[in-house]
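One structure is given here, and the rest of the page talks about it.
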């Protein structure tokens, strides 16, 4: 497996990963290739968007890090980062998320972020456990959501 920056050409493969996860959540969130390219790969507040790619070239997962600005949809403190992680459903427990976060954490440090927020659905046990294992700690609860923070610089 290789972790590298996401390219616009990766949007279709990233969309497949996202679509399957959203279907498992029984959600109607957008997951088209166009949405992935616009919201993750080319978002103006993007700090980094990474893909994990198999030796065969298949996208196994992706992670997005964006800078929080005033009025962001998650209520994250402006100047912090916020993260989203999506790993192919049949590819868990293979170190993909760990490898993605190692590279994302480096990008966050280079960008001078003090902290990274991960806001997760309260019933997403895998997501909650993942972020806890990466060193994120719960700092806020909202209806249906749990927000975790990873502190880079106090």
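Points to keep in mind about this one:
- Tensor-based shape of segment 18-61 (alpha-carbon gyration tensor, a/c under 1.5 rounded, otherwise prolate or oblate): oblate
- By the beta-carbon count within 10 Å of each Cβ, the least crowded to most crowded order of 86, 130, fewest first, is 130, 86.
- Between residue 70 and residue 98, the C-beta separation translates, for a Förster distance of 41 Å, into a calculated FRET efficiency of about 0.80.
- Once the Cα atoms are used to define both axes, helix 96-110 deviates from the longest principal axis of the chain by about 50 degrees.
- Estimated FRET transfer efficiency when R0 is 30 angstrom, pair residue 35-residue 111 (beta carbons, to 0.05): 0.80
- Pairwise FRET efficiency - residue 56 versus residue 151, Cβ, R0 = 35 Å, nearest 0.05: 0.40
- Taking 0.36 nm per residue of separation and subtracting the Cα-Cα distance, full extension of the segment from residue 7 to residue 126 would add 40.2 nm.
- For the peptides 97-104, 20-27, the ranking by mean Cβ contacts within 10 Å, running from highest to lowest, is 97-104, 20-27.
- The GNM of the chain, with springs linking C-alpha atoms under 10 angstrom apart, assigns the highest mean-square fluctuation among 35, 43, 123 to 123.
- Going from the fewest other Cβ atoms within 10 Å to the most, the residues 139, 39 appear in the order 139, 39.
- Ellipticity estimate at 222 nm from DSSP helix runs (n ≥ 4, -39,500 (n - 2.57)) divided over the chain, nearest 500: -8000 deg cm²/dmol
- Computed extension gain for residue 28 through residue 90, at 0.36 nm per residue and net of the alpha carbon distance, reaches 20.2 nm.
- For segment 2-151: rounded, prolate or oblate by the Cα gyration tensor [a/c cutoff 1.5]: rounded
Laboratory data are not the source of any read-out in this text; all were calculated from the coordinates shown. Worth saying up front: this structure is predicted, and the values here are computed from it rather than measured. Backbone-built Cβ (ideal geometry, glycine too); neighbour counts: all protein chains shown.
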